[in-house]
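Visitor: Below are the structure tokens for one structure; questions will follow.
Every read-out reported here was derived from the displayed coordinates using simple, explicitly stated rules and does not represent laboratory data. Keep in mind that what you see is a predicted model, and the values were worked out from it rather than measured. Cβ sites come from the backbone with ideal geometry, for glycine too, and all protein chains shown count toward neighbours.
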Amino acid sequence: MTAFRTSPRRRAINVFMTALMWAAAVAATLPLVLILFNLLAKGVTSLDLAFFTHLPAPPGQEGGGAANAIVGTVILVGGASAFGLPIGIGAGIYLAERKGAPLAVLVRFLADVLNGLPSIVMGIFAWELVVVPMHHFSALSGAFALGAMMIPTVTRTTEEMVRVVPTTLSEAALALGYTRWRTALRIVIPTALAGIITGALVALARIAGETAPLLFTAFGNNFWSLSLNKPIAALPLQIFNYATGPYDDWHAQAWAASLVLIALVLLISLLARFATRSGFSRGVE
Amino acid sequence: MASSSVPGVVVASEGFAAGDAPARMEVRSLNAYFGKVHAVRDVSMRIPEHSVTAIIGPSGCGKSTFLRTLNRMHETVPTAMVSGEVLLDGQNIYAPGVDPVSVRRHIGMVFQRPTAFPTMSIRGNVAAGFGVLRAKGEKFDGDERIEQALRRSALWDEVKDRLEDSALGLSGGQQQRLCIARALAMDPQLLLLDEPTASLDPISTEKVEDLVHQLRREITVVIVTHNMQQAARVSGQTAFFLHGEMVELSPTNEIFTRPRDERTEAYITGRFG
């Protein structure tokens, strides 16, 4: 029955194309694997308990750690979330509820533009708006720059997640005598919550590694500081300063800081993955 | 015109005379639009208390739109408009100053697909409307009301041991009865069912139909259906819609045996639609 046999030419094309796809898939993941491998190889050797507990050592002196930078990054990301998340989530819900309103169309467009804005520009913006009036660098200005960077991503993912909620659910709520506002608050948002949290975590992971917006806002600090009003250390800044410095042990510290930063970002991404899985199985289908 | 009857249709046995019972709802010259599309044209209808009114007709005939004008859900869609009067127990729900949200509180609605709220438990779903009632200052025993609603929707025995479980664990048919329970828990003056069995299997469909038949003793029901047999089984009066117009409104046993309009006859004998 020759009619049911694939022609040799077609089979050859099939094999070739499959191989091509495999090659593309490997090429796409290879950089990540190489980076992780390299980081592990170079970072682990200089990573010790002191890295997590000590302040940076003065130049020329051995040892020291990046405790202030780790805590600084956590403070910066926390501060950024404190105002970036509510604004972003609020705007996203607004966009989903008022799809075609002129203001919604404008906000959506601006969010997309803002999303593509180079992060260094966001740094200048925060510098002009916060650092200049305050007359000094501060954690506050760094958190402001990072928070502003979160807003467009969070806005758009929230909008998408809220839109995925079937309109039949909001109709059912309206038919029960819910107001629009109550419907959004009690039915739509809880149903979309897992997706909204995922979007927020992805945005967190993205800004945690940002360096440019912090260069002339948070500025970095070699000493211990928890104050929002003073310059503060951050892992990306520490990496930047150490990697460009003249000392070998600084370079080693930079590798270690990179490893910690990547681990932090991976952890947040994993959390996001987990939130999606556990949420969506009982949420939107 | 030969008198016709639909094969396989068993007409609800008890006789029904429109005009016996007082009207729960009175629709007067109702028109509904989507933008420039005139979806419902000049419909007037009397819906007696403790009765089931079926609305049949081919897809796109305006029957669902008509149903949605009865609890002011139609206007939640952009560009939708309504003219005419709908009197619920003598009160025009389209009168100026009437709050559509509070109208919907008094009229229950169940949709084509089950709309159990996914983030809520079974109990939470039935109680979903209570917040609105309590905000209005009503006082009542929630648990008792939940049990009563679930019993009336014939779901109590199936869910009484897992009230705290997610409503999504229920089958499609159970979810639909849960939605009916949710509506009943609000103690509605009128219950609107928009093709409630369209997405259900035959056994679940039968359960929902039995339920509608039961409910007729206690409340007033309007049911939109694609299925003429269903209309015949559950309703006392049936309206036939075509191209946005109400062609005929007759007692169900008459419309399926002696339709007055030849378009009705053509539809119920399966010549179109």
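Visitor: So, by mean Cβ neighbours within 10 angstrom, what's the order for A:101-112, B:42-53, A:191-202 with the highest one leading?
Guide: Top to bottom by mean Cβ count within 10 Å: A:191-202, B:42-53, A:101-112.
Visitor: Could you tell me which of A:T53, A:I93, A:T29 has its Cα farthest along the dipole of segment A:1-122 towards the positive end, charges placed at Cβ (Lys, Arg +1; Asp, Glu -1), taken about the Cα centre?
Guide: Positive-most Cα among the choices belongs to A:T29.
Visitor: Taking Cα atoms, how many degrees apart are the long axis of helix B:172-184 and the longest axis of chain B, rounded to 10 and kept between 0 and 90?
Guide: So the inclination is approximately 80 degrees.
Visitor: Mind checking the mean number of beta-carbon atoms from other chains within 10 Å of the Cβ atoms in B:185-195? Present the calculation step by step, with values, prior to reporting the outcome.
Guide: On the way: counts 1, 3, 0, 2, 0, 0, 0, 1, 0, 2, 0.
The mean count of partner-chain Cβ atoms within 10 Å per residue comes to 1.
Visitor: Something else: Which GluC sites (Glu not before Pro) in segment A:110-182 sit in a loop by DSSP (not H, G, I, E or B) and have at most 16 other Cβ atoms within 10 Å of their own Cβ?
Guide: none
Visitor: Quote the relative contact order of segment A:77-282 in percent (integer), defining contacts as alpha-carbon pairs under 8 Å separated by 6+ residues.
Guide: Taking the mean separation of contacting Cα pairs over the length of segment A:77-282, I get 26 percent.
Visitor: Let me ask something else about it. Between B:T76 and A:R9, what's the calculated FRET efficiency when r is the beta-carbon distance and R0 is 56 Å? Round to 0.05.
Guide: 0.45
Visitor: Sticking with this one: I want to check the label-to-label distance for B:D42 and B:E254. Put each point 7 Å from Cα in the C-beta direction and report it in nm to one decimal.
Guide: 2.2 nm
Visitor: Can you compute the FRET efficiency between B:S59 and A:V164 using 1/(1 + (r/R0)^6), with r the Cβ-Cβ distance and R0 = 35 Å? Round to the nearest 0.05.
Guide: 0.85
Visitor: Moving on. Test of the criteria: in segment B:64-149, which trypsin sites (Lys or Arg not before Pro) are in a DSSP loop and have at most 14 other Cβ atoms within 10 angstrom of their Cβ?
Guide: Passing both the DSSP loop test and the Cβ count: B:K136, B:K139.
Visitor: May I pose another question? Using a simple charge model, +1 on the beta-carbon of Lys and Arg, -1 on the beta-carbon of Asp and Glu, nothing else, what dipole does segment A:77-282 show about its Cα centre, in debye to the nearest 20?
Guide: The calculation lands at about 820 debye.
Visitor: Mean separation of Cα pairs under 8 Å and 6+ residues apart, divided by the residue count of chain B: what relative contact order is that in percent?
Guide: Answer for chain B is 31 percent.
Visitor: If you don't mind, another one. Is segment B:14-101 rounded, prolate or oblate when judged by the Cα gyration tensor, a ≥ b ≥ c being the square roots of its eigenvalues, rounded requiring a/c under 1.5 and prolate requiring a/b larger than b/c?
Guide: In terms of gyration-tensor shape, oblate.
Visitor: Enumerate by residue number the GluC sites (Glu not before Pro) in segment B:167-261 meeting two conditions: DSSP loop (anything except H, G, I, E, B), and at most 13 other Cβ atoms within 10 Å of the site's Cβ.
Guide: Taking segment B:167-261 and a limit of 13 other Cβ atoms within 10 Å, the loop GluC sites (Glu not before Pro) found are B:E218.
Visitor: What FRET efficiency comes out for B:A198 versus A:F274 if R0 is 35 angstrom and r is the Cβ-Cβ distance? Round to the nearest 0.05.
Guide: It comes to 0.40.
Visitor: Further question: Taking beta carbons within 10 Å but only from partner chains, what does the mean come to for residues A:177-184?
Guide: 5
Visitor: Next question, about the same structure. Using helices alone, I'd like the mean residue ellipticity at 222 nm for chain A: each DSSP H run of four-plus residues gives -39500 (n - 2.57), total over residue count, nearest 500.
Guide: That calculation yields -24000 deg cm²/dmol at 222 nm.
Visitor: Considering only A:G195, A:V105, A:L176, whose Cα is most displaced toward the positive end of the charge dipole of segment A:77-282, charges sitting on Cβ of Lys, Arg (+1) and Asp, Glu (-1)?
Guide: A:L176
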